[in-house]
Amino acid sequence: MEDSTNTIRSPAQAQWVAVVAVFGAVWGAAEISLGAILRSASIPMHGTLMTGIGIIIMLVARRTLASSNQRGRGACLAVGVVAAVMLPMSVTRGIERAVIGILAEAVCIEFALWFGRPARWRYAVAGVLAALVPLVQLLAMLAVQYGPGALSSFRTILLDKQGGAKLGLAGQAAGTLVGMVVVVSSVYGSVCGIFGWSLARRILQRLGREPE
Amino acid sequence: MVAGSSNSTKARTRARIIAALVLGPATLIATLMLDWPALLVPAALALVMLAVLDRRQFPALFNKWLWLGLTIAVVLPIWLIGTPGETDAPHSGGGTPAMTAGLGMAVRVLATLAVMLLIGGCIAPAAVSRFLGRFIGKKLGLACAIGTNLLPAVLEILRRSTLALRLRGGFRRHRLKNLRRLVTTVGVQTVRLTEDVAEALLLAQAPGQQAAEPESKPEESAP
């Protein structure tokens, strides 16, 4: 513990490190256990499912810190970094994508909560942003793996009236399907954000603390 | 008695080290080569060794509900539907090869969990903190080191909360309400754990004060 004596200089810093470590461990444990099973079984949209858990954990950590006279800035990003560092313990395939996804979700939530005071709607917006990360990441991975040509083909399939025929779908069914996935992901993200807000309030009330 | 307990501790430590050395590479190789179920034999043997020698240290790994969940969520679907098309030799569902693939996936998941518990429980926080501190800052490096060591504590919180809920009737009635209770309880325990960790960090901050206490005791007891 020699390092902690040099690093921790005040109770506030100790609390910040503790909250980040514990909530990062919770998210890391969820990713290593449940996430590994979902990834191994190739369950569709497993990334979005795990994102919901991550959103709730990050937002509860943020509000826990905010309730103790700290603004909690940077906490969500730090929780994501701790979870990402723990992920290589899970020896399943596709870890690198999961690590990138976790960090991107943490950045999105941190960005949404950086400005202004914490509020329920702000948490919902943060949830929506984070829930859209797996979809954006899918497009980005397509571009990285197959070059920009893959993106233009994707755009053709979505926007052209005959594009859906390439996938065996009529008209613009492909675009409608993708739109529905975006809407469902957004709703899921906002629900997780609001649940994170109310869960943090319940936890703080149970502990006798006043939620901000 | 003391010698016996130290011997058993040594045997457990040895079992952990050997299991970690076998499980890690075996699982990694078996994960990279999905179409060779025989590669999972070392991982399965290491799991059996853990079960025989060190079962009490890994209650999460030998939980009947985990095994039931793996059977329902992993083995049965792969056996019925077949293996994913991304593997080199996809099998259609219903046959012996599909069953072998499903069992292989379950062993892989168990081995992954075992590696996580083995590594998570025996990493030196100071070493990890020093190493990561160079890249991501001292505070975040320390948080990563502590977080990695807290994995067993986090799983223990989940186990205790589930047990408490089961003692109060479990999920037989009011499932949604009970699930909300479980999540809240886990959250409360987690926040309490953060308070304990913060207190431990503050205690470690002032080693001079701690060192002064034992020195004063012999003086008091002296005639």
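The values are calculated or read from the model by the stated rules, or taken from the named source; none is laboratory data. Nothing here was measured: the structure is a model prediction, and the numbers come from that model. Positions of Cβ are backbone-derived with ideal geometry, glycine not excepted, and every protein chain shown enters the neighbour counts. Protein only, heavy atoms only, side chains kept; ligands, DNA and RNA dropped before computing areas. Shrake-Rupley method; radii C 1.70, N 1.55, O 1.52, S 1.80 Å.
A few remarks follow.
- When A:Glu210 is tested against (1) surrounded by 15 or more Cβ atoms within 10 Å (Cβ to Cβ); (2) at pLDDT below 90, only condition (1) is not met.
- B:Val186 being facing chain A (nearest Cβ under 8 Å), assigned to a helix (DSSP H, G or I) and at pLDDT 85 or above: no
- Filtering the stretch B:133-154 to residues that are hydrophobic (A, V, I, L, M, F, W, C) and at the interface with chain A (Cβ under 7 Å from one of its Cβ atoms) leaves B:Ile136, B:Leu140, B:Leu142, B:Ala143, B:Cys144, B:Ile146, B:Leu150, B:Leu151, B:Val154.
- Among the residues of the stretch B:155-173, those that are open to solvent by less than 80 Å² (accessible area, probe 1.4 Å) and within 9 Å of chain A (Cβ to nearest Cβ) comprise B:Leu155, B:Ile157.
- Residue in the stretch A:34-45 that is open to solvent by less than 20 Å² (accessible area, probe 1.4 Å), within 30 Å of B:Ala204 (Cα to Cα) and within 7 Å of chain B (Cβ to nearest Cβ) present: no
- Condition broken by B:Leu176, with the remaining ones in (1) at the interface with another protein chain (Cβ under 10 Å from one of its Cβ atoms); (2) closer than 21 Å to A:Ile56 by Cα; (3) open to solvent by 80 Å² or more (accessible area, probe 1.4 Å); (4) modelled with pLDDT under 85 satisfied: (1)
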